[in-house]
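Q: Submitted below is the structure of interest, expressed as structure tokens.
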Amino acid sequence: MGKVALITGVTGQDGSYLSEFLLDKGYDVHGIIRRSSVERRERIAHLERVKHFYMHYGDLTDSISLIKIIKEVQPDEIYNLAAQSHVGVSFEVPEYTSDVVATGVLRILEAVRICGLEKKCKIYQASTSELFGKVEEVPQNENTPFHPYSPYAVAKQYGFWIIKEYREAYGMFCCSGILFNHESERRGEDFVTRKITLAAARIAQGKQDKLYLGNLSSLRDWGYAKDYVECMWMILQNDEPDDYVIATGEQHSVREFCVLAFRKAGIEIEFSGEGVNEKGIDKATGKIIVEVSPEFYRPTDVVNLYGDPSKARKKLGWNPTKTSFEELIDIMVSHDMKLVEKEVGTQL
Ligand code: NAP
Ligand code: GDD
């Protein structure tokens, strides 16, 4: 019989790729979904009738649902991916973010113990490079001090430590993957990369006039989500539970992402000016197509993420650069060009 995996956050970017990955490996995959007044499960719609894929209603803020599901499913592996995952939004809804992102991890750990599965069930926690926040070292590895710099990151820090605590206190096989940003054609539309690739496609097709962004100088280590979910699985297959930085070891700015994404959409863009006055100009037409709006600034912003994935490479044999930065942008823009072709109407 195949192994049984339970994924929280199964409707999200990573949850959908991880489900496909585990189904391919012969797992029974159970996902936790939230009830919503509109059906928003497009990332997993293609899996809903697939054999060995099951869905359960639950919520990370609701211990009862978690205990019931874990008792019924008896998972060998839990991947805790559910989160209010938008850093900017965490400043608007800090209490809810903490409840899901911090206490939610504790609820999973306790549910596993209550169900008597602490010796059988391995747990992966979706930790984040946001823990390095106001960075104290560049590049960042597993020994770099944490300095979380948003309500989201502070909550994720609790998640990281409670995972470590349960590993040490109860001998549970729980691990954190400290993942740097990873993107894809399934990325949420309010994260900067997808916002840019969709806008580039719409502007190229005459369906949008301008793109408004926040901090263009922010630096990120961007990888491809499909490559990163493999590493989540590898972390749980290792002999010893441990925590790993997962990154590409390459760094680019938001501005650079913009230039390459627009180029892929057929527009050469040139930036001039500084701060809120910086503008992206279409070289062919002289039109301003990118502007800065302080609306997208954050009270504290993380601006220098750059990961060192040596430990994962060495101990897990993981290849951090399967998909290059340029290939990632190609995948996203090609996808969005086709998506936008089908859109009716103009986005202003
Ligand atoms: P995502 O696309 O925003 O997906 C988040 C998932 O969590 C969705 O399925 C969402 O369900 C679910 N969720 C939110 N609140 C919930 C709740 N109260 N109870 C149950 N489920 C809830 O995020 P992602 O990019 O796939 O990221 C996956 C995980 O990795 C997150 O924990 C994120 O913080 C972390 N992470 C992501 C990155 C990255 O670059 N992508 C990097 C480091 C760490 P709905 O569909 O119902 O909203
Ligand atoms: N979202 C957004 N929208 N970000 C913008 C914009 C904009 O219009 N303009 C500039 N940025 C800057 C942000 O200020 C930030 O410095 C950077 O672009 C990346 O922002 P996001 O794409 O929203 O991602 P994030 O890095 O804050 O968070 C993502 O990665 C984390 C891992 O480091 C999320 O997936 C988190 O869940 C994840 O933990």
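Where a number appears in this text, it was derived from the coordinates with a stated rule and is not lab data. Given the structure is predicted, the values throughout are model-derived calculations rather than measurements. All Cβ positions, even for glycine, are placed from backbone atoms using ideal geometry, and neighbour counts span all protein chains on display.
Q: Looking at the chain as a GNM with Cα springs under 10 Å, which of LYS283, LYS226, LYS134 has the largest mean-square fluctuation?
A: Result: LYS283 has the largest fluctuation of those listed.
Q: Quick check for you: which residues of region 1-37 have the amide N under 18 Å from the point 7 Å beyond the Cα of ASP99 toward its beta carbon?
A: Label zone hits: 9, 33-37.
Q: Then there is this: PRE reach from LYS283 (point 7 Å along Cα→Cβ): which of region 201-220 fall under 19 Å by backbone N?
A: Residues passing the 19 Å test: 201, 203-205.
Q: Relative contact order (percent) for region 189-332, with alpha-carbon contacts under 8 angstrom and 6 or more residues of separation?
A: Details: 219 pairs, mean separation 48.5, N = 144.
Here the relative contact order equals 34 percent.
Q: Another question about this same structure. Quick one: ARG43, ARG113, fewest Cβ neighbours within 10 Å first, how do they rank?
A: Ascending number of Cβ neighbours within 10 Å: ARG113, ARG43.
Q: For region 247-257, what does the Karplus curve 6.51 cos²θ - 1.76 cosθ + 1.60, with θ = phi - 60°, yield as ³J(HN,Hα) per residue in whole Hz, taken in order and with x for Gly and Pro?
A: Rounded to whole hertz, the list is 7, 8, x, 10, 10, 9, 8, 4, 4, 5, 4.
Q: If you fit an axis through the alpha-carbon atoms of helix 225-237 and take the longest principal axis of the Cα set of the chain, what angle between them do you get, 0 to 90°, nearest 10?
A: Between helix and principal axis, roughly 20 degrees.
Q: Contact order normalised by length for the chain, with contacts defined as Cα pairs under 8 Å and 6 or more residues apart; what percent is it?
A: Numbers: 708 pairs, mean separation 59.5, N = 348.
17 percent.
Q: If I fit a long axis through the Cα atoms of helix 13-24 and take the longest principal axis of the Cα atoms of the chain, what angle between them do I get, 0 to 90°, rounded to 10?
A: 50 degrees
Q: On a full-extension model of 0.36 nm per residue, what is the gain between ALA169 and ILE114, subtracting their alpha-carbon distance, rounded to one decimal in nm?
A: Computed gain between ALA169 and ILE114 is 18.3 nm.
Q: Please list, by residue number, every one of the GluC sites (Glu not before Pro) in region 94-172 that is coil in DSSP and has at most 11 other beta-carbon atoms within 10 Å.
A: GLU136
Q: Also: Just want the ordering: MET337, MET232, MET1, from fewest to most Cβ atoms lying within 10 Å of their own Cβ.
A: Ordered from fewest to most neighbouring Cβ atoms within 10 Å, MET337, MET232, MET1 come out as MET1, MET337, MET232.
Q: Could you give the angle, 0 to 90 degrees to the nearest 10, between helix 325-341's Cα long axis and the longest principal axis of the Cα atoms of the chain?
A: Helix 325-341 and the main axis of the chain meet at about 80 degrees.
Q: A further question follows. Go ahead and set up a Gaussian network model of the chain, Cα springs under 10 Å, then flag whichever of ILE267, ILE163, ILE235 fluctuates most.
A: ILE267
Q: Quick one: P(r) of the chain from all Cα-Cα pairs, 20 Å bins, percents rounded to integers, in order of increasing distance.
A: 30, 58, 12, 0
Q: Treat each spin label as a single point 7 Å out from the Cα along the C-beta direction, and report the TRP161 to GLU137 distance in nm.
A: 1.9 nm
Q: I'd like the distance between the alpha-carbon centres of region 160-198 and region 318-340, rounded to an integer number of Å.
A: With region 160-198 and region 318-340 each reduced to a Cα centre, they are spaced 20 Å.
Q: Order of VAL340, VAL276, VAL333, VAL303 from fewest to most other C-beta atoms within 10 Å?
A: Neighbour counts put them in this order, fewest first: VAL276, VAL303, VAL340, VAL333.
Q: For GLU343 and LEU106 in the same chain, what is the full-extension length gain: residue separation times 0.36 nm, less their Cα-Cα distance, in nm?
A: Length difference between fully extended and current span is 81.1 nm.
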